[in-house]
Structure formats: C-alpha cells, structure tokens
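**Student:** Here it is, the structure in full.
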Amino acid sequence: MHLNNLKNIFLEAVDAVRPSHLLSVKNNFNLQPTQSGENLFIKIDGNLWNIANKRCHVVGFGKAVLGMAVQLEKALYQHIETGILSIPKGSRDQFQDQADMQLSSDTIFRIYEGAEHNQPDETALQAAVEIKHLAKSLDQDDILFVLISGGGSALLPMPRPPINLEEKMSLIRDLSKRGASIQELNIVRIALSDIKGGRLALAASQAHAVISFIISDIVGDSIDLIASGPTWPGSISAKYPKPNEILKRYLLWDNLEKNLQKMLSQAPTKAFKGIKNNHIHIIGDNHIATVAAKLQAIIFNYNPCIISTTIQGSLEDLVDQYCHFLKSIYDFQENIITPEELKKTFPLDDETFKKLLICLKLTETRKKPLLLITAGEPTVKGNGLGGRNQELSLRLSKRFFEDPQLRDVYFLSAGTDGIDGPTDAAGAIGCYEVVQDFLDEGGNDLEKLQTYLEENDSYNFYKKLSDSEYQIFTGHTGTNVMDLHLLLLCKI
C-alpha cells in the first residue's frame, strides 16, 4: 500500500509543475488575447500586457520548454512571427502521445534537438547562434518571449573565445566528475559563455519587451543561475564563489591555459546597464511540487510536513543527515531528547520547526503516519550508471535494514524530469524490505549489495529486484524542478 501511495504522491507533484498547469488561468495567466477597443491584452502573472501592433517572437531552451511553447502557440498562434526551440534530442518522439506536448502541424517554430545526455553539441550551438541573431534584430515593435527550464545550459552553448565548445565541455565534465554542485557548474558556464549571464537580454535590449517564463531547477530559485541566467542582467550574487575559485577548489585551475585563466579571472560580476523592459517570471519551482505532494498525502490519510526545498550537498552526507534526523524524531516522541536537541539535528528555520512540532503532535494524537517532504538536488561522485535518486534510496535501504529503529521508514527519491541519470527510471523507493527481498533471492548477501553501491550501479540493483517493484518509471515528464524526497514514518 505505502509503495503505491508514495508513487502516486510523486506523480501528483509532477503533474502540478507541468507547463499546461503552470501557464493556466488558475495560476493567474491568460495568454489568450482579449480585445478592448484598439488594445489587445494578455494576462501574465496577474498583469495585463498590450500586444496590439506588436510582433511576438518565442525562443526556448530546456527540458520543459516544449510544453511551454505549446501553451503559447495555442494562445498566440496568429501573433507569433518567429519561434526557435532548443530541446533535448528525441523530445518530440518521447512526447508523441501527449496532446499537451504537441505543436500544431503547421507550426512556425524551428526546432533543434540536441544536447544528448545533457551534453552541449553542434546542434545546440546552431540553435544558440540563431536565437542570439534573432534577439539582436529586434526593435520597439517586437516582444520576445523567452522560455527557460532545466537543461537550458547544455541547450544554449556559445563559448567565449579563446575557448571552443569541446574544451568547454571537457572542463565542465571534469568539474561534474569531481562533485561540483549545479550552482558551481553554472557559475563556470556563465563565465565561459557569450550568451548566458544576461547576454541574451543584452542582445535583445532594443526590443519593446523581453518576457521570460522560467521553470526553476536550481536550489533557492536563483534567477542568475537557472540555465546560467541568459536573461538575468544583474550581477551574480556575492554569496557565490568566483569561477576561478571554483576551479581551484576542484584542482583544475593549474591545468588551464594562461589566456583562459586570464579570461576567467576577469569574468564580469557587475550588472549590465541599458536593458529595459526585461521581465522575468518564475512560473514553476519545487515549492509548487511539494505543496501538491502534501495535498495528495492528506488524501492518503498521512500527516504531511514540508521541511525543506533546498536539499543539496553530497549524497553520502545526506544519508547520514536523514538517518540522524529520523532517529532523533523517534527519540523525541519517546521523550528521550528535548525540542531544542531535535532542532539541532536538521537545518530548519524557526517557522518550519514549529510546523514540524505541530505535525508530530497531530501524529501522536491521530495515529497517522508522518510524511516528511523535502526537495532539492544532492550531488554524487562516481562514473557508474546511477542515478543519484536510486543510489540515495539504496543507501538508505541498507541503513534502514541495519538499524532496527528505522525499519518502519519508507523513502522515495525521484527526479521530476522523469530521468535519473542516464537511465529510464525516475528514481526508486528505499525501505527495509528492499534489502530483505534482495537477501531472500538466492546467492545474495550484504557484501554484494555494497558492490552495487561502490560501482554506482543502483539502477541494475533495482531492475533485477522483485520485477522492478521499487523503481519509479514515468518517462520524460516535460518538466523539471529537481528531485522530490518523501520520508514516511509509519510507526511513530
């Protein structure tokens, strides 16, 4: 029962952040033009825009922009003069059976499918060149809609000289292998790009307006880092390290050519001036997904509590953190530790901690399972198949099996884009039964399970176990707001 419930909660969360839902009247958007005298209005995030006598152009790059483009085409069909999309290779085939992911048969959009396995390529580069050329050609009679989502960095590559595309890709790959976070990767990408870091908005600065719709795949929704901030004209927040500092941290700086070191040391950090009428709207993020998960959990008679949407850091550290927090919750319910001691076991702000205490009290009185909801994107090192969600679930399964106090905990980790690493699974469920079922199959032991973990091969572990019962398969979802984690405490 709990396995199916957790899977359905995840599916509801994903549905809530699909473009067809996000760009709807329910969410204060009405892109269908309304005539009022000589004016022609559309509604964006509650504000009216007059598009009368304006030429509309739409560009997009990312895993979720096809669905956004479909919504704009349905509403603004006769008003769109140009459309250019850079989407992952195979996207149209993957979504051929989904009506809300289909452009019209006579669409004006030019579609480039590239960046296979989230790696920039010549197709994505060609799309980026066309998008920037269009942006530079616009004037006061033009409105540019920019659709941005996760995966946008790889789908909008335009390296700054002296580096070329292959050199840039190699450097980013090396950073990723060494455990750099998505924020760190994007900071370096911006420094190496001729279109990111606000440079697309700068190219379109003569347009009447640049309007960006963003589905965030970045912890904290930092606009300057989502898809490396192509329309964000401001400076990168001072709270982030500089690109040269990141490369030094991961021991890559000394291997760079001197001219590249010089360019990265002089990477612009101040805001571009002269960009007017640049409007940025985050239409979807993991907060929306967690709220949807909470509502569905209530339907399943769970007692849900959202405790974080900013999960990050190393996967190994997160495993320790989750286990310590879960054990502390059980200890708190047994009056072994105080509220003050419980608060120290997980990074919660005061308001969230108050909500958690209320949920714990309700759980005790109503005898309902407690569901803790978190979201974000931890990092994992290694070169195996993975992916990180399945590995996180498998590592926690092993810990739950080894600790009797945690044997009644169920854990789900899955990517809202439907793809966990280079696999066809979105993620997996972790629990005591995962390990027990594995051991019940002949020839298996904990040493063999550890080998799967050491080789980052959690996908094949789950695929071979109980007819993939514990894996989660959605296919490409057409959206991306990072990963969702569900921690279900059944006996508390």
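Just so you know, all these numbers are worked out from the coordinates, no wet-lab data involved. Keep in mind that what you see is a predicted model, and the values were worked out from it rather than measured. Every residue, glycine among them, receives a Cβ derived from its backbone with ideal geometry; neighbour counts consider all protein chains shown.
**Student:** Looking at the stretch 287-489, send over the antiparallel percent of its DSSP beta bridges, to the nearest 5. Provide the component values of the computation, followed by the final result.
**Tutor:** Working: 20 of 27 bridges.
For the stretch 287-489, the DSSP antiparallel bridge percentage is about 75.
**Student:** Give me the distance in nm between label points sitting 7 Å out from Cα along the Cα-to-Cβ direction at residue 3 and residue 38, one decimal.
**Tutor:** With each label point 7 Å from Cα toward Cβ, the separation is 6.7 nm.
**Student:** Which whole-Hz ³J(HN,Hα) couplings does the stretch 429-439 yield from phi under the Karplus relation 6.51 cos²θ - 1.76 cosθ + 1.60, θ = phi - 60°, glycine and proline marked x?
**Tutor:** With coefficients 6.51, -1.76 and 1.60, one gets 9, x, 6, 3, 4, 4, 6, 5, 4, 5, 5 Hz.
**Student:** Which percentage, to the nearest 5, of the DSSP beta bridges contained in the stretch 1-285 is antiparallel?
**Tutor:** Values: 9 of 40 bridges.
Roughly 20 percent of the beta bridges in the stretch 1-285 run antiparallel, per DSSP.
**Student:** Something else now. Within the chain, what's the longest run with no GluC sites (Glu not before Pro) in a DSSP loop and at most 12 other beta-carbon atoms within 10 Å? Give the range, please. Intermediate results must be reported in sequence, preceding the final value.
**Tutor:** On the way: sites that count: 38, 257, 334, 441.
Longest stretch, sites excluded: 39-256.
**Student:** Can you tell me the length gained on complete extension of the stretch residue 354 to residue 28, counting 0.36 nm per residue apart and subtracting the Cα distance? Please list the in-between numbers first.
**Tutor:** Values: separation 326, 0.36 × 326 = 117.36 nm, distance 3.08 nm.
Computed gain between residue 354 and residue 28 is 114.3 nm.
**Student:** Compute the FRET efficiency between residue 338 and residue 450 as 1/(1 + (r/R0)^6), taking r as their Cβ-Cβ distance and R0 = 56 Å, and round to the nearest 0.05. Can you show the working numbers first?
**Tutor:** Details: r = 36 Å, r/R0 = 0.65.
Efficiency, from the Cβ-Cβ distance: 0.95.
**Student:** Please report the antiparallel percentage of DSSP beta bridges with both residues in the chain, rounded to the nearest 5. Intermediate values should be presented prior to the final figure.
**Tutor:** Working: 29 of 67 bridges.
Beta bridges within the chain, antiparallel portion: roughly 45 percent.
**Student:** State the cysteines of the chain left without a partner when partners are defined as other cysteines whose beta carbon lies under 4.7 Å away.
**Tutor:** 56, 323, 431, 490
**Student:** Under 26 Å from the Cα of residue 343, which lysines turn up, not counting those fewer than eight places away in the same chain?
**Tutor:** Those lysines meeting the cut-off are 239, 294, 327, 354, 355, 361, 367, 368, 398, 491.
**Student:** Is the C-alpha gyration tensor of the stretch 63-127 telling us rounded, prolate or oblate? Criteria: a/c under 1.5 is rounded; beyond that, a/b larger than b/c is prolate, otherwise oblate. Show your work: numbers first, answer last.
**Tutor:** Values: a/c = 2.48, a/b = 1.47, b/c = 1.69.
It is oblate, given that a/c is not under 1.5 and a/b is not larger than b/c.
**Student:** Okay, moving on. In percent, what relative contact order does the chain have, based on Cα pairs under 8 Å that are 6 or more apart in sequence? Walk me through the numbers on the way to the answer.
**Tutor:** On the way: 1010 pairs, mean separation 74.0, N = 492.
Result for the chain is 15 percent.
**Student:** Using +1 on the beta carbon of Lys and Arg, -1 on that of Asp and Glu, and nothing else charged, what's the dipole of the stretch 1-285 about the Cα centre, debye to 20? Present the calculation step by step, with values, prior to reporting the outcome.
**Tutor:** Details: 30 positive and 30 negative charges, 189 e Å.
Charge dipole, the stretch 1-285, about its Cα centre: 900 debye, nearest 20.
**Student:** Let me check against my output: what whole-number percent is the relative contact order of the stretch 1-285, with C-alpha pairs under 8 Å and at least 6 apart?
**Tutor:** Details: 523 pairs, mean separation 46.6, N = 285.
Over the stretch 1-285, the number comes to 16 percent.
**Student:** In straight Cα distance, which lysines are under 30 Å from residue 54, not counting same-chain residues fewer than 8 positions off?
**Tutor:** The reachable lysines, counting only those whose Cα sits under 30 Å from residue 54, are 26, 43, 63, 74, 132, 136, 196, 273, 276.
**Student:** When mean projected area of the Cα convex hull in nm² is calculated directly from the model, which label among (i) 28.4; (ii) 24.4; (iii) 25.5 fits?
**Tutor:** (ii)
**Student:** Let me ask something else about it. Is it possible to state the helix-based mean residue ellipticity at 222 nm for the chain, with each DSSP H run of 4+ residues giving -39500 (n - 2.57), the sum divided by total residues, to the nearest 500 deg cm²/dmol? What is it? Please report the intermediate quantities before stating the final value.
**Tutor:** On the way: 18 runs with 189 residues, N = 492.
For the chain, the value works out to -11500 deg cm²/dmol.
**Student:** Continuing with the same structure: Report relative contact order for the stretch 283-354 in percent, whole number only (criteria: Cα-Cα under 8 Å, sequence separation at least 6). Walk me through the intermediate numbers first.
**Tutor:** Numbers: 32 pairs, mean separation 18.5, N = 72.
The value is 26 percent.
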